[in-house]
Every structure is written in structure tokens, then in C-alpha cells.
1. Checking residue 213 against (1) within 16 Å of the chain's Cα centre (by Cα); (2) not assigned by TED's automatic domain parsing to the domain that holds residue 93; (3) not in a helix (DSSP H, G or I): exactly one of these is not met. Which one?
2. Can you tell me how many residues in the range 153-183 are closer than 17 Å to residue 198 by Cα and in contact with a Leu (Cβ under 6 Å, 6 or more places away or on another chain)?
3. Looking for something modelled with pLDDT of 95 or more, of a type in the set (Gly, Ala, Ser), under 23 Å from residue 30 (Cα atoms) and in a helix (DSSP H, G or I) - is there at least one such residue anywhere in the range 189-196?
4. Among the numbered criteria (1) crowded, with 22+ Cβ neighbours inside 10 Å; (2) within 15 Å of residue 11 (Cα to Cα), which one does residue 162 miss?
5. Kindly establish whether residue 100 is over 24 Å from residue 169 (Cβ atoms) and out of contact with any strand residue (DSSP E or B) (no Cβ under 7 Å at 6 or more places or on another chain).
6. Among the numbered criteria (1) of a type outside the set (Ser, Thr, Tyr); (2) part of a loop (DSSP other than H, G, I, E, B); (3) closer than 30 Å to residue 148 by Cβ, which one does residue 23 miss?
7. Name the single residue that is nearest to residue 165 (Cα to Cα) among those in the range 60-76 being touching a strand residue (DSSP E or B) at 6+ places or on another chain (Cβ under 8 Å) and surrounded by fewer than 18 Cβ atoms within 10 Å (Cβ to Cβ).
8. Need the failing condition index for residue 81 against (1) without any contact (Cβ under 8 Å) to a residue 60 or more places away in the chain; (2) surrounded by fewer than 17 Cβ atoms within 10 Å (Cβ to Cβ); (3) within 20 Å of the chain's Cα centre (by Cα), just the number.
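The values are calculated or read from the model by the stated rules, or taken from the named source; none is laboratory data. In this text, all values refer to a predicted model and were calculated from it rather than measured experimentally. All Cβ positions, glycine included, derive from the backbone under ideal geometry; neighbour counts span all protein chains shown.
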Amino acid sequence: MQLYSYFRSSAAYRVRIALNLKGLAYEYLPVHLLKDGGQQLSADYRKMNPTALVPTLVDGDAVIGQSLAIIEYLEETHPQTPLLPSDPIGRARVRDLALGIACDTHPLNNLRVLKYLKHTLGVDEAAKTAWYKHWVHQGLEALESQLAHSSATGRFCHGDTPTIADLCLVPQVANAQRFECDLSAMPNVVRIDAACRALPAFDAAAPGKQPDAE
């Protein structure tokens, strides 16, 4: 398998964790989102992934974009070390938590949105950072409430083994910390993040451990 990735991409980070947890070997192919005007915008990359986003997973003839689609594909093709619970209610809860991050929080703060705010709308750095912190705080605050009020929360987001929800939580927290967001009112988020990052699979997937890290 080949993974087109960028070390700071939250979406690619999720997939790297999944591959590591499942013990799957892959070739890391860096796509720099800033160099050369954004390598993801090149004609060759767009031909493979018309969305011009990372990650992209290539597995034989299969070419898959969107991190959660990739993770679900890995879950179905390599069921060892499952990332979803065995029961329907549990799977629904994990997907609820994951999608809350991946669909409601992360898209408002990814690179192309921040670039549009700054370069097209003329938003200054302070206002851009305020935008980032507002939406990250709102998203993680909602996640904290979900975690705090469910008996299904354990050492991790759901029970005592990592799931897709944790794969989404850790990259989002990493970005929040990078922008110095206040997480003091989110003890469950912080606790689960620390439990995840203590695992080798999460540690090896961290942005600073990638071959294109800067």
C-alpha cells in the first residue's frame, strides 16, 4: 500500500494511526501542501485524487481518498485489531464521535479554509487565529460533553481499546495545542489524548515522526 500524506495533515494523521494499529506496512509518499504552490494541486496528483486533498491510499487497483473512507476500508479488509465495536449501538456511537470531529470541527480549520480567510478575504493573523480557536473550542467542548455523560466512555473514547473516534480525537487535539487553545475545561479529552499518545502506534504516527516533518 502507498499513502500520500503530509506530516501536519490531521486527516492523514488519522490514517497513519489506523495503519499502525493494524500492523500494516505502507510506503509514505509526501505531498507538501505549501511548496510549489501546493503539490496537491498538481495535474498528476489531481488525476489520482480530483479533490486535491490528502490523504490518498493506493492499494493495488484501489485508490481511496477521504480519511474515514480509507479507515473503514482498512477495517473491512484487515479486521484484525478492530477499530469499531462489535455491537451496532457501539459502532454508531463511535461514528458519531468521529464524524463530529471530522465533519463539524476539522473542516472549518483546515489549511485551505485558513488560506482563504487570510489571502482572499484579507483577514489578519489575529482574527484568523481567533476563528481557529473559536471553532476548535466549540467542537472539543461538545466532544467533552459527549464523553463525560456516557457510561460507554472508558480509558479511550469508547471502552478500553482505541477506536476510530480516538483516531480523530488525537490529531484534533494536536492541532489545538499547536495553536495554544485552552483545553483546561476538557479533562476527558486531555486524558484520552494522553492515553492514546502513550501507545506506540499513535506515537509513530505523530507529525514530528514523519519523513517530511519540518
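1. (1)
2. Summing the residues that are closer than 17 Å to residue 198 by Cα and in contact with a Leu (Cβ under 6 Å, 6 or more places away or on another chain) in the range 153-183 gives 4.
3. no
4. Every condition holds for residue 162 apart from (2).
5. When the stated conditions are applied, residue 100 does not pass them.
6. (3)
7. 73
8. (1)
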